[in-house]
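Novice: Take this structure first; my questions come after.
The values are calculated or read from the model by the stated rules, or taken from the named source; none is laboratory data. Here the structure is a predicted model, which means the values were calculated and not measured. Backbone-built Cβ (ideal geometry, glycine too); neighbour counts: all protein chains shown. Accessible surface areas use protein heavy atoms only, side chains included; no ligands, DNA or RNA. Shrake-Rupley method; radii C 1.70, N 1.55, O 1.52, S 1.80 Å.
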Amino acid sequence: MAAAQAELVGEFAGVFSSQTVEQILEDSYARLLPASIEGFLPLLAERFARERLRAASRALPGREALRPLVLFVCTANSGRSQMAAALLALRSAGAVEVASAGTRPSDHVQDEVATVLAEVGVSTSELFPKPLTDEVVSGADVVVTMGCGDSCPVLPGRRYVDWDVADPAGADLDVVRRVRDDIDAHISLLLDELLPDRGATAASAQL
């Protein structure tokens, strides 16, 4: 993982020490084991570590966050939370920072979930289940649990909400599409709250 470490050390130079980056990267690798994606673990560990470092950097003095961070949590991080994070990233066009995690993460994203996301233009090549970490919870402005009774560390200054959304696990594609559309409706409402000017901006752009 030397190349990944060098990449992250350079990216977070002046923010975190190389020792901190190395510790987060090694811990991220360890947290993703065991998994059927073992051949991809160095790459996935780098992505996971980057997400954690970005979230942790939001709490540092003098590093005002320019975008809200929304964290989606479910048990396996293979279905609902993955769909929600992917759809929010798509609908916000980069105006919102997004993360997802699981309290007991699976080893892969559900195939049906990847299929219905691809149908609406979401690339699923970089999606993978990740465990919940303190850095991401601490960095989040909004923590959304996905109707499965998971508990997160409750920190002051964060907004916690629960979306009662059906579990797509084991369902046929039509059911998974309905779950996707239900989540998408929740996303639209959340975006109206997080980015209240987006509707006015879109309307003016059409004039």
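Novice: Between residues in segment 129-143 that are without any contact (Cβ under 8 Å) to a residue 24 or more places away in the chain and residues that are open to solvent by 20 Å² or more (accessible area, probe 1.4 Å) and not in a helix (DSSP H, G or I), which pairs lie under 7 Å by C-beta distance while being six or more apart or on different chains?
Specialist: The qualifying pairs are 134/153.
To keep it simple, each residue is scored yes or no on (1) closer than 25 Å to residue 143 by Cα; (2) open to solvent by less than 70 Å² (accessible area, probe 1.4 Å); (3) in a helix (DSSP H, G or I); (4) touching a strand residue (DSSP E or B) at 6+ places or on another chain (Cβ under 9 Å).
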residue	(1), (2), (3), (4)
5	no, yes, yes, no
10	no, yes, yes, no
15	yes, yes, no, no
29	yes, yes, yes, no
43	no, no, yes, no
46	yes, yes, yes, no
49	yes, yes, yes, no
54	yes, no, yes, yes
59	yes, no, no, no
